[in-house]
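The values are calculated or read from the model by the stated rules, or taken from the named source; none is laboratory data. Given the structure is predicted, the values throughout are model-derived calculations rather than measurements. For neighbour counting, all protein chains shown are included, and Cβ atoms are generated from backbone atoms with ideal geometry for every residue, glycine included. Note: accessible area is taken over every heavy atom of the protein model, side chains too, but ligands, DNA and RNA are not part of it. Shrake-Rupley method; radii C 1.70, N 1.55, O 1.52, S 1.80 Å.
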Amino acid sequence: MGGFGVNAVKSIQVEIFDNSYTVQGDLDEGYVQGLARSVDEKMRAIAGATGSVDVGRLAVLAALHLADELETYRQERGELQRRVERCVRLVETALKRPA
């Protein structure tokens with residue numbers, strides 16, 4: 001973290017679907033490049049499947065795809081968390097029983 005709790009804002013150049021974009025923020029450059037690669041890969045996969053080259057349309061479809069993946073992971077994480085909590089309760093109950 002920068003001085004006085006303020007992170008330095010930096011500019012990061014990324015390329016997505018043959019277009020360059022400047023992203024500003026305090027995120028790690030490698031992380032941002034990885035995100036850009038994911039979006040680029042998703043757009044290229046959709047372009048290959050649909051034959052579309054409309055960048056705006058591909059970007060929206062890629063965003064919907066990525067949002068769907070995120071929601072699926074959130075639901076899976078929630079289910080895993082519920083299962084872990086159930087297991088913890090079972091273990092706690094078992095430990096409270098006299099041997």
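In table form, for the structure just shown:
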| item | result |
| --- | --- |
| Yes/no for residue 61 being over 14 Å from the mean Cα position of the chain (by Cα), of a type in the set (A, V, I, L, M) and assigned to a helix (DSSP H, G or I) | yes |
| Of the criteria (1) outside any helix (DSSP H, G or I); (2) open to solvent by 100 Å² or more (accessible area, probe 1.4 Å), which one residue 75 fails | (1) |
| Index of the failed condition, residue 82 passing every other in (1) within 13 Å of the chain's Cα centre (by Cα); (2) open to solvent by 100 Å² or more (accessible area, probe 1.4 Å); (3) not acidic (Asp, Glu) | (1) |
| Breaking point among (1) open to solvent by less than 90 Å² (accessible area, probe 1.4 Å); (2) modelled with pLDDT under 95, for residue 95 | (1) |
| Selection within the range 4-19 - farther than 17 Å from residue 63 by Cα, open to solvent by 80 Å² or more (accessible area, probe 1.4 Å) and not in a loop (DSSP other than H, G, I, E, B) | 4, 10, 13 |
| Tally of residues being open to solvent by less than 90 Å² (accessible area, probe 1.4 Å) and modelled with pLDDT of 95 or more across the range 27-48 | 15 |
| Check on residue 67, out of contact with any helix residue (DSSP H, G or I) (no Cβ under 9 Å at 6 or more places or on another chain), surrounded by 10 or more Cβ atoms within 10 Å (Cβ to Cβ), assigned to a helix (DSSP H, G or I) and among the aliphatic types (A, V, I, L, M) | yes |
